[in-house]
Amino acid sequence: MSEKTFATAINCMDGRVQLPVIHWMQERYGTEYIDMITEAGPTKFLLEGSEDQLVSVQAKIKISADNHGSNVVAVVGHHNCAGNPVEREVKEGQIKESVDLVKSWGFNVDVIGLYVNENWEVEVVKE
Ligand SMILES: [Zn+2]
């Protein structure tokens, strides 16, 4: 087993965005497995979540980074999100803010922001 076979995504629970994010991260980082931390509207969850909710996300990132050796966490927003129905422009702002928030938690990982567009393609919002 080679090293660095895991990467991490904080993604929506929406079934339409799982495979696009997995495939994009596999390709981009050469990692076989993508640990998926899912919520309904993840950027809203991160930016408006309670302390307990954020602690729960942090615990999952810790497992992914410390036990699986992931060195990148993607925060993902997407088109037509029922859990966080806002315009793309607003969503991109939330993605950027969420990236800064996750960075501030101090894990030894790169944090990037992704947007899954209306064609279910992954675009980089922030890295
Ligand atoms: Zn969603």
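The values are calculated or read from the model by the stated rules, or taken from the named source; none is laboratory data. Nothing here was measured: the structure is a model prediction, and the numbers come from that model. We place every Cβ from the backbone using ideal geometry, glycine too, and count neighbours over all the protein chains shown. Quick note on the areas: whole protein, heavy atoms, side chains included, nothing else; ligands and nucleic acids left out. Shrake-Rupley method; radii C 1.70, N 1.55, O 1.52, S 1.80 Å.
A few remarks follow.
- Long-range neighbours under 7 Å by Cβ, at least six apart or interchain, first residue touching a residue at least 60 places away in the same chain (Cβ under 8 Å) within the stretch 27-45, second in a loop (DSSP other than H, G, I, E, B) and surrounded by fewer than 16 Cβ atoms within 10 Å (Cβ to Cβ): none
- Verdict on residue 50 being open to solvent by less than 70 Å² (accessible area, probe 1.4 Å), without any contact (Cβ under 8 Å) to a residue 40 or more places away in the chain and of a type in the set (S, T, N, Q): yes
- Checking every residue in the stretch 49-71 against the condition of being under 20 Å from residue 5 (Cα atoms), among the hydroxyl-bearing types (Ser, Thr, Tyr) and in contact with a Ser or Thr (Cβ under 9 Å, 6 or more places away or on another chain) gives at least one match.
- Among (1) more than 16 Å from the ligand (Cβ to nearest atom); (2) under 18 Å from residue 102 (Cβ atoms); (3) surrounded by fewer than 20 Cβ atoms within 10 Å (Cβ to Cβ), the one test that residue 38 misses: (1)
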